[in-house]
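As structure tokens, the structure follows; a few thoughts come after it.
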Amino acid sequence: MQSDNPTAAILVIGDEILSGRTQDSNSHHLARVLTSVGIDLREIRVVADDHDAIVAALQALDRSLGGAWDMVFTSGGIGPTHDDITADAVADAFGVALEINDQARALMTERWAARGVEITPSRLRMARVPIGATLIENAVSAAPGFSIGGTHVMAGVPSVFRAMVDWLVPRLPIGRPPVSRSIEVRRPESEVADDLSAVARDFPTLSLGSYPFRHDDGFGTNLVVRGLDGDQVALAAAELTRRLGCAMIDPDLDRAFEQTWPAAEYRTVSGFRVARGEGGGGRLNAARAVGNWTAQDVDQVVAVQHGWGAAPLVLAFDHQFDLSDLLIGRGWQARDATVLLQAPVKLLTDRTIPPVTAFTIWPPLAIQCELWDEAGIGPARRAAMARVVHPKAALLGRVRDRAAGAGFVAVCGSVAMVHAMAVHPDFRRMGVAGWLMRRAAVFAAEHGAGRIALAVTRANDAGLGFYRALGFDEAGGYRYFSPPDGG
């Protein structure tokens, strides 16, 4: 993939990683965060608790030391024990002295005093910082990391590492987050290799990969198209699906997309299915092409919608070029471009949800309805939740013993869909949405789903970044079309 984004490497330090005693989760977490903000991770290296090995790795990786990449993120080796030698090695790599940093000592002393913890020489080792470095704040245990040159030194304990990442990343130079499309095909990798290679040759600025899988219900290959130009990604994905003869949205996801947010009524008009939602937003009141159709069918769709007293509205998936071209040719206007995102459930069930943080409830509580009302998710949209016949739950998030967020999850076959996510403005950027998504994933796993998905408008940059950081990839997209005069 061609990119002008900042580049980065991760340096994991620790004998316990190399021996297999401890499994590294920090690299996985940081890789997802960096990708979501447009920093290209180019290398992950693991070294022992060996002074010379750490120095050599930094010199090879940090561009400010003559290395290959713009930034280096280290994990591990800045604790209080004798084998925590990362700070010493970093100081030597940059040719500066190591000293007790007054600001770091003050931060830790204040925390220790509040907890009645004795200040010892071993604990003060964590205040040693190379001269000229700046501190990386640590909201978990106060002992800071530090940055010097292009190197950012952080703890190895996962909860502390993530807190440092949360503080550091918003302060870094970033680029353009890549756009990705995932296509699942129920064929072995060897059968799709030629078509994948052909599309890769036609789109040299993109990255195309294939990843075989095996589930209880069979095997296949996930094909992923990635790049910085969303239009090129969409074109490449469409060409790949054309060559393979498969739909852009796989049938399981398509079924969950509709059945976990159902309209009050459906009517079939030739190759279209027309939804009537009795209010409740576009998805519940749009027509979709679900089979072979003609231009005259669109006229019949409009007649049905007029008969219901509704404005004409058609939902066209991004791979339905013929339908989009027809509607644009008639002067219809596209709006509300939306992305369908999906992720393996197991990505979101790797952490224990703190007590009294996120719950699944059905039917919804009054406080959840209040949160939805404040977010514009009124009774007409909530009626779609009540119509779902599959396993479902209302999500509730709490912060400081207060209801802070709400959402809805339903499981249709192997796919769980999340809808109606709403976090109260007073509790944003406090991790509420993340814990709600993790609780939804637990519910999904309990009901046999292997994937979790949701829809986000393309204009919602913050939302897209958040979900990509959680590990979501793009599975497709759609737009709504309506006549210029409203029909």
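The values are calculated or read from the model by the stated rules, or taken from the named source; none is laboratory data. Since this is a predicted model, take the numbers as computed values, not measurements. Methodologically, a virtual Cβ is constructed for each residue, glycine included, from the backbone with ideal geometry; neighbour enumeration extends over all protein chains shown.
Take the residues of segment 9-37 that are free of Cβ contacts under 8 Å to residues at least 40 places away in the same chain and among the small types (G, A, S): which is farthest from G465 (Cα to Cα)? That would be S19.
Among the residues making up segment 264-288, a single one is assigned to a loop (DSSP other than H, G, I, E, B), buried (at least 19 other Cβ atoms within 10 Å of the Cβ) and in contact with a Lys or Arg (Cβ under 6 Å, 6 or more places away or on another chain): G280.
Do we have M417 as closer than 23 Å to D250 by Cα and either of a type in the set (A, V, I, L, M) or crowded, with 22+ Cβ neighbours inside 10 Å (or both) here? Yes; evaluated as a whole, the condition is true for this residue. Among the conditions (1) within 22 Å of R479 (Cα to Cα); (2) in a helix (DSSP H, G or I), L341 misses just one, which is (2).
For first residues located in segment 92-105 and modelled with pLDDT of 95 or more and loosely packed, with under 12 Cβ neighbours inside 10 Å, partners that are in a loop (DSSP other than H, G, I, E, B) and among the hydrophobic types (A, V, I, L, M, F, W, C) and lie 6+ apart or on another chain with Cβ distances below 6 Å form the pairs A97/I131.
Is it true that A455 is within 17 Å of Q259 (Cα to Cα), buried (at least 17 other Cβ atoms within 10 Å of the Cβ) and touching a strand residue (DSSP E or B) at 6+ places or on another chain (Cβ under 7 Å)? Please lay out each step first, then the result.
On the way: within 17 Å of Q259 (Cα to Cα): yes; buried (at least 17 other Cβ atoms within 10 Å of the Cβ): yes; touching a strand residue (DSSP E or B) at 6+ places or on another chain (Cβ under 7 Å): yes.
Considered against the rule, which asks whether it is within 17 Å of Q259 (Cα to Cα), buried (at least 17 other Cβ atoms within 10 Å of the Cβ) and touching a strand residue (DSSP E or B) at 6+ places or on another chain (Cβ under 7 Å), A455 comes out as yes.
Remark: pairs (first residue in segment 454-479, in contact (Cβ under 8 Å) with a residue 12 or more places away in the chain; second residue assigned to a loop (DSSP other than H, G, I, E, B); Cβ separation under 6 Å; 6+ apart in sequence or on different chains) = G476/M248; G476/I249; G477/D318.
So, in segment 38-60, exactly how many residues are without any contact (Cβ under 8 Å) to a residue 60 or more places away in the chain and closer than 19 Å to S3 by Cβ?
From segment 38-60, those without any contact (Cβ under 8 Å) to a residue 60 or more places away in the chain are 41-57, 59-60; that's our starting set.
Within this subset, residues satisfying the condition of being closer than 19 Å to S3 by Cβ are 41-44.
Number satisfying all stated conditions: 4.
Inspect all residues belonging to segment 319-337 and state whether any of them is modelled with pLDDT under 95, small (G, A, S), surrounded by 13 or more Cβ atoms within 10 Å (Cβ to Cβ) and assigned to a helix (DSSP H, G or I). Yes, the conditions are met somewhere in segment 319-337. Among residues that are assigned to a loop (DSSP other than H, G, I, E, B), outside the structural domain of H390 (by TED's automatic domain parsing) and touching a helix residue (DSSP H, G or I) at 6+ places or on another chain (Cβ under 8 Å), G291 is not included. Taking segment 369-486 and the helices (runs of 4 or more DSSP H) fully enclosed by it, no element has 1 or more residues that are in the same structural domain as R276 (by TED's automatic domain parsing). Determine, yes or no, whether R128 is surrounded by fewer than 20 Cβ atoms within 10 Å (Cβ to Cβ), under 20 Å from P6 (Cα atoms) and either in the same structural domain as V37 (by TED's automatic domain parsing) or at pLDDT below 95 (or both). It is false that R128 is surrounded by fewer than 20 Cβ atoms within 10 Å (Cβ to Cβ), under 20 Å from P6 (Cα atoms) and either in the same structural domain as V37 (by TED's automatic domain parsing) or at pLDDT below 95 (or both).
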